1. Count the net charge of all other residues whose Cβ sits under 11 Å from the Cβ of Ala62, scoring Lys and Arg as +1 and Asp and Glu as -1.
2. Apply the Karplus curve 6.51 cos²θ - 1.76 cosθ + 1.60, θ = phi - 60°, to the phi angles in segment 190-202 and return the couplings in whole Hz, x for Gly and Pro.
3. Step through the residues of segment 87-100 one at a time and calculate ³J(HN,Hα) from phi using the Karplus curve (6.51 cos²θ - 1.76 cosθ + 1.60, θ = phi - 60°), rounding each to whole Hz and writing x for Gly and Pro.
4. Skipping prolines and chain starts, which residues have an amide H placed within reach, meaning under 5 Å, of the one on Val129, given they are 5 or more residues away or on another chain?
5. Report the label-to-label distance for Asp38 and Asp144 in nanometres (one decimal), using points 7 Å from each Cα along the Cα→Cβ vector.
6. Could you tell me the extents of segment 50-132's C-alpha atoms along the three principal axes, largest first, rounded to whole Å?
7. Multiply the residue separation of Thr19 and Ala59 by 0.36 nm, subtract the distance between their alpha-carbon atoms, and state the gained length in nm to one decimal.
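Nothing in this text is a laboratory measurement; each read-out follows from the coordinates by a stated rule. Predicted, not measured: the structure shown is a model, and the values here were computed from it. Note that we place each Cβ from the backbone using ideal geometry, even for glycine, and neighbour counts take in every protein chain shown.
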Amino acid sequence: MAGISHDLRTPLTRIRLATEMMQAEDLFLKDGIEADIDDMNNIIDQFIDYIRHDSRDKAELASINILVDEVIHIETPADRTIVFHPSQCPNIPLRYVAIKRALANLIQNAIRYSNGDIEVFTAVEQQFVTIVVSDNGPGIAEADIERLFQPFTQGDTARGTEGSGLGLAIIKRIIDTHGGQVTLSNKAKGGLAAKVSLPLSC
């Protein structure tokens, strides 16, 4: 896996170095090339994540509220607001790094496809701790929701067509390995709610 990653990134590194030689009058081209390189590196990261999905991590008891707070602190852009509504939740078995990645991916999607505030809720429902990421964007066509969890699948124009089509597949794989569930639903007043349910015990 490390070899494949290296083989894919090496030409991107050479391209980035070549852009450093560009003249000042070509700055607009340089910025575009570097943005494309960043996008390509992100796609490579998603492929690696999907194949590996942190299988070496061990589940340990941890606070979901602390995890959510950490992710929100990292992922909130300067020009956006993410409001956290925590509920009292017991510590549950988590592969901490993997769940952080899944939640970060959900929040990044909400940021990308909406303009207003984003809300994140935690709660206990029967034998599960739940996390809900709620936005006010265009939502997803009902016919597309289930297939978006399949790898290499992208949504309609409402939710964009960029990227590798692996984001939700990675999230689903991570949550599945915890014995949990992830669901998407359109809100009655507009926007999308992404809900992750994690079991209270292994």
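1. My count for the surroundings of Ala62 gives 0.
2. Result, rounded to whole Hz: x, x, 10, 10, 9, 10, 10, 10, 10, x, 5, 9, 5.
3. After applying 6.51 cos²θ - 1.76 cosθ + 1.60, I find 10, 5, 10, x, 5, 10, x, 9, 8, 4, 5, 5, 5, 4 Hz.
4. It is Leu198, Leu200, by chain and number.
5. A separation of 2.4 nm, rounded to one decimal place.
6. 36, 33, 19 Å, listed from the longest principal axis down.
7. 10.1 nm
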